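In what follows, a structure is listed as structure tokens, so that the remarks can point back to it.
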Amino acid sequence: MSGVWYLAWRYLLWHRWKAAILVAAVSLVLYLPLGLQLLVEQTARDMNARADATPLVLGARGSPLELVLNALYFSDEQPPTLSYAVVAELRDSGLVDPVPLYVRYYSQQVPIVGTSLDYFGFRQLQLASGRQLATLGEAVLGYRAAADLGVGVGDFVVSSPQSVFDIAGVYPLKMPVVGILAASYSPDDEAIFVDLKTAWIIEGIGHGHQELTRPEAASAVLKTEDDRIVANASLLQYNEITAANIDSFHFHGNDAELPLTAVLPVPRSDKARVLIQGRYQQHESLQLLEPRAIIDQLLATVFAVQRYVLVAMGLVALATTAVVLLVFLLSWRARRPEQDTLHLLGGSQAAVLSLMLAEVIMVMVLSVLLATLLVVLTHWFGGPLLKAVVL
Amino acid sequence: MIELRDLEFRYDQSTFALQIEHLRLEATEHVALIGPSGCGKTTLLNILAGVVLPHAGVVQVADQPVAQLADARRRDFRIRKLGLVFQNFELLDYLNVRDNILLPLRVGRGLAVTAALRERAEALASRLDIADKLDRHPQQLSQGERQRVAVSRALLLQPAVILADEPTGNLDPTNKFVVLDLLLDYAREAGATLLTVTHDRELLDRFERVVDFAELNSWRPA
């Protein structure tokens, strides 16, 4: 490194904290508008792609946004439930192929999606290893979910209890991982898929327990009335579904009344789509939505907020630029003795000005590099981060 | 060699002025310039170094008409031919000892830090007993060590003329003789002219000639 560039570099190194603060301030001024723009565009692109790939969503009346976010992105919104009977109703219409969803539980923050095998065909999800769901209690994981949980085929995932204080609630269900999906770069990568009935068992609607007629369960039996046996809480309930106990699992109540959070009706044709939309348009307890329209509304709000934020950032950038200039000018004035020394030793006015300019250029170059690094990091990690915050 | 003839200089905002009819220092001469504070000794050194220009007269230093040189050439001449030593050392805090010695090469036009000059800087530091301080910064040095760094910087390009402005003014009794002897030794070895401004009468015995500035400057306040 020659001449004034070397001196400028040594000066910045010697005053490294001052230089670091300047670089950080300028970097943020450069990065924030770019990063925000990138983040919003990337998120909008991802959300629109998912919405475009999902023609319709049917759910109980309530917030359309909550329903779409839960059904498409497995957000932790809790839309009201609809009954499983709707699936049969849709199928019988001959207009759509319904894909049921029950998204309510988690395993260490990873959503557990109860659905049917039709979902994998609808989303064109491929297995990277293992096999598809075959029996009750099995789980297939998206590739990111498997990586985040550190599990593979042959390992287990356990559903998380909804409330640690609910001592009478549902036991966590231990589920073997039978398959890992290939990356699809969608929310499916970050989910655990189980059979719908498995999801209901996690809910506690279905369960398996000790055979009450066997002698070892006698101490748990409170009374026997005709074909009903009443037992107390000491009855052994299974928290894992195995070949040995699978037959003991059963559901109480009417199957048609079992809950769903949403159904994805896949129209068989454009005409069928219009017809099914007309059929549910005025439904008093259900709403049939076009996800793209809902996401467009959400993004319109996001873009409106973004414009305000960008204006605010512009003002902050102006203020920061003024402060940075002031810092350089004050620093230059405070360094008058140094400039005199350089003049005395034979340095020209141009050399001294070049020294100052070299320092400014170095700060700017470092700031641009840092801002570029932040933009690249945002490109890699920003989308999932924003979705995690928004969803 | 230094020669002044019919020199005139005055500051714009001051009544003070310099009027020197004639002064000549031979190429190998070692001269002490004495006089009270504020009498213009430093101004004279600045004129000789080409830092300020006289209003009239001839200034000849190392065979160069300093006042007549273009600005760029005058600066180049100052770096290559003159060795400047200051009372307050004029070291840069953010450079280590090595870089402070090499500093003229960083600001001079057409100069570069070569391996040979690095070696010379290290040899000078070794001779001035600061070889183990090359990676330290000025704040980590004693006053005496700082002046040795400044002397090393002044001698780096083997100047024909050394102009020292109270080089021992901030030093303790031991160090002031050490630093002065270093300058004198170099001047003798290199056959260089040494002009030293000093207030310290204890040092005058070491010089071949002592010039009293009060007698040199013929200007008198009205």
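Structural remarks
- Remark: mean inter-chain Cβ contacts per residue of B:103-113 equal 6, using a 10 Å Cβ-Cβ cutoff to other protein chain atoms.
- Counting every C-alpha pair in chain B, the share spaced more than 30 angstrom apart comes to 22%.
- Residue among A:V230, A:V274, A:V96 with the largest mean-square fluctuation in a Gaussian network model of chain A, springs linking Cα atoms under 10 Å: A:V230
- Counting all C-alpha pairs of the stretch A:191-334, share separated by more than 27 Å (%): 62 percent
- Using heavy atoms of the protein chains and a probe of 1.4 Å, the accessible area assigned to B:S14 is about 50 Å².
- Amide H partners (placed H, <5 Å) of A:I229, local residues excluded: none
- Candidates A:V311, A:L357, A:G278 compared by Cα position along the dipole of the stretch A:261-364: farthest toward the positive end lies A:G278, with charges placed on Cβ.
- Surrounding net charge for A:G154, when Lys and Arg each add one and Asp and Glu each subtract one, Cβ distance under 14 Å: 0
- Axis of helix A:64-73 versus longest Cα principal axis of chain A: the two differ by about 90°, to the nearest ten degrees.
- Residue-by-residue Karplus 3J(HN,Hα) for the stretch A:266-276, coefficients 6.51, -1.76, 1.60, Hz, glycine and proline x: 9, x, 7, 7, 4, 5, 4, 5, 5, 5, 5
- Only one residue of A:I229, A:T242, A:H343 has its Cα farthest out toward the positive end of the dipole of the protein assembly as shown, where Lys and Arg carry +1 and Asp and Glu -1 on Cβ, and that residue is A:H343.
- Charge dipole of chain A (Cα centre as origin; +1 on each Lys and Arg Cβ, -1 on each Asp and Glu Cβ, all else neutral): 1860 debye, rounded to the nearest 20.
- Across the stretch A:28-40, rounded Karplus estimates of 3J(HN,Hα) from the backbone phi angles (6.51 cos²θ - 1.76 cosθ + 1.60, θ = phi - 60°) give 5, 4, 6, 6, 3, x, 5, x, 4, 4, 4, 4, 5 Hz, Gly and Pro being marked x.
- Exposed chymotrypsin sites (Phe, Trp or Tyr not before Pro) absent: longest stretch of chain A, with sites in DSSP loops and at most 14 other Cβ within 10 Å deemed exposed: A:186-391
- Rounded to the nearest 10 Å², the accessible area of B:S37 at probe 1.4 Å: 100 Å²
- Annotation: amide H of B:V211 within the under-5 Å range of B:A32, B:L33, B:I34, sequence separation 5 or more or interchain, hydrogens built in the peptide plane.
- Within the full protein context, the accessible area of A:H252 is estimated at about 110 Å² for a probe radius of 1.4 Å.
- An oblate overall shape is assigned to the stretch A:74-146, the ratio a/c of its alpha-carbon gyration tensor axes (a ≥ b ≥ c) being 1.5 or greater and a/b not exceeding b/c.
- In chain A, lysine pairs closer than 30 Å at Cα, eight or more apart or cross-chain: 4
- Helix A:336-345 axis, angle to chain A major axis (alpha carbon atoms, nearest 10°): 50 degrees
- Inter-label distance for B:A190 and B:F177, nm, one decimal - labels placed 7 Å from Cα along Cα-to-Cβ: 2.5 nm
- Rounded to whole numbers, the Karplus 3J(HN,Hα) couplings from phi for the stretch A:360-367 are 4, 4, 4, 4, 5, 5, 4, 5 Hz, using 6.51 cos²θ - 1.76 cosθ + 1.60 with θ = phi - 60°, and x at Gly and Pro.
- Other residues within the sphere of radius under 14 Å centred on the Cβ of A:W5, judged by their own Cβ, net out at 0 (K and R +1, D and E -1).
- Electrostatic dipole magnitude of the stretch B:14-164 [Cβ: Lys, Arg +1; Asp, Glu -1; Cα centre; debye, to 20]: 280 debye
- This model, with +1 at the C-beta of Lys and Arg and -1 at the C-beta of Asp and Glu, gives the stretch A:1-141 a dipole about its Cα centre of some 860 debye.
- Bridging of B:K133 to aspartates and glutamates at a Cα separation below 18 Å is possible for B:E90, B:D93, B:D99, B:E119, B:E122, B:E145, once same-chain residues fewer than 8 apart are set aside.
- Think of the protein assembly as shown as having a plus end and a minus end, set by charges on the Cβ of Lys, Arg, Asp and Glu; of A:H207, B:L134, B:A123, B:A123 sits farthest toward the positive end of this dipole.
The values are calculated or read from the model by the stated rules, or taken from the named source; none is laboratory data. Since the model is a prediction, treat every value here as computed from it, not as a measurement. Neighbour counts are summed over all protein chains in view; Cβ atoms, including those assigned to glycine, are modelled from backbone coordinates with ideal geometry. Ligands, DNA and RNA are stripped out before the accessible areas are found, and what is left, the full protein with its side chains, is counted by its heavy atoms. Shrake-Rupley method; radii C 1.70, N 1.55, O 1.52, S 1.80 Å.
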